[in-house]
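Have a look at the structure below, then the notes.
The values are calculated or read from the model by the stated rules, or taken from the named source; none is laboratory data. Quick caveat, the model's predicted, so the values are computed rather than measured. Heads up, the Cβs are rebuilt from the backbone with ideal geometry, glycines too, and the neighbour counts pull from every protein chain shown. Just so you know, the surface numbers come from the protein's heavy atoms only, side chains and all, with ligands and any DNA or RNA stripped out. Shrake-Rupley method; radii C 1.70, N 1.55, O 1.52, S 1.80 Å.
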Amino acid sequence: MKLNVGWFSFTCCEDSTIVFIELMNERYFEWRKLLNFKYFRTLKSNNSLNDLDIAFVEGAISNKKEEETLKKIRENCKKLVAIGSCACTGSPANQRNFFDQVTKKEIQFILDRFDNRELVSPLSDIVKVDDYISGCPMDEKLFLTKLNQYVKEFEIVNA
Ligand code: SF4
């Protein structure tokens, strides 16, 4: 049995995804026995959202489509983990929230065109978040500690 994992990126620079890929350089063969990547568009083109044990979600939520997708992810996973500062707190991806009125007016046509939300929000403003891995990008050591913890929690046995 493997841990069914999804990895998602919303509004952000995707640096935590890069950190994860870098970690794979050393851990690929170990993780291959433990993790089943059901959804990870950086790694594969055939992806499924269904029956995830853990959804790792990077980035803040800035438009309606992202909001709907996040809700769908929440419905399809047992544990949802916010990855990196943008997902955990909204910052720094949420800089436009703090623009003055003149600047906000200036960018409104872009927000309208891409169906953006009024505010860029952390995940927890929209869905229940079970755990947080902070950092900008995510704290590598904390991620590895938590991943070990989840593997034990879901009783995944190294085949
Ligand atoms: S938390 Fe930092 S590294 Fe991660 S997506 Fe946001 S800006 Fe990029």
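Which of Val19, Val129, Val81 ends up with the largest GNM mean-square fluctuation for the chain, with Cα atoms connected below 10 Å?
Val19
Can you pull the Kirkwood radius for the range 3-153, inverse mean 1/r over Cα pairs, to one decimal in Å?
It works out to 16.0 Å.
Between Ser91, Ser45, Ser134, where does the largest GNM mean-square fluctuation fall for the chain, given springs only between Cα atoms within less than 10 Å?
Ser45
Count the net charge of all other residues whose Cβ sits under 13 Å from the Cβ of Lys146, scoring Lys and Arg as +1 and Asp and Glu as -1.
Residues near Lys146 contribute -2 overall.
Ordered by residue, what ³J(HN,Hα) values in Hz, to whole numbers, does the range 20-28 give under the Karplus form 6.51 cos²θ - 1.76 cosθ + 1.60, where θ = phi - 60° and Gly and Pro are x?
4, 4, 4, 4, 5, 3, 9, 10, 3
Sum up the charges of everything whose Cβ sits under 15 Å from the Cβ of Glu68, counting Lys and Arg as +1 and Asp and Glu as -1, but leave Glu68 out.
+1
So with the 1.4 Å probe, I'd like the accessible area per residue for the range 22-82, rounded to whole Å². Could the numbers behind the result be given before it?
Numbers: 3360 Å² over 61 residues.
With the other protein chains kept in place, the range 22-82 gives 55 Å² per residue.
Where does helix 101-113 land angle-wise versus the long Cα axis of the chain, in degrees 0 to 90, nearest 10?
Compared with the principal axis, the helix lies near 60 degrees.
Test of understanding: in a Gaussian network model of the chain with alpha carbons linked when under 10 Å, which of Glu68, Glu106, Glu140 would top the mean-square fluctuation ranking?
Glu106
Take every Cα pair under 8 Å in the range 3-153 that's 6+ residues apart, average their separations, divide by the length, and report that relative contact order as a whole percent. Mind dumping the intermediate values first?
Numbers: 254 pairs, mean separation 41.1, N = 151.
It comes to 27 percent, rounded to a whole number.
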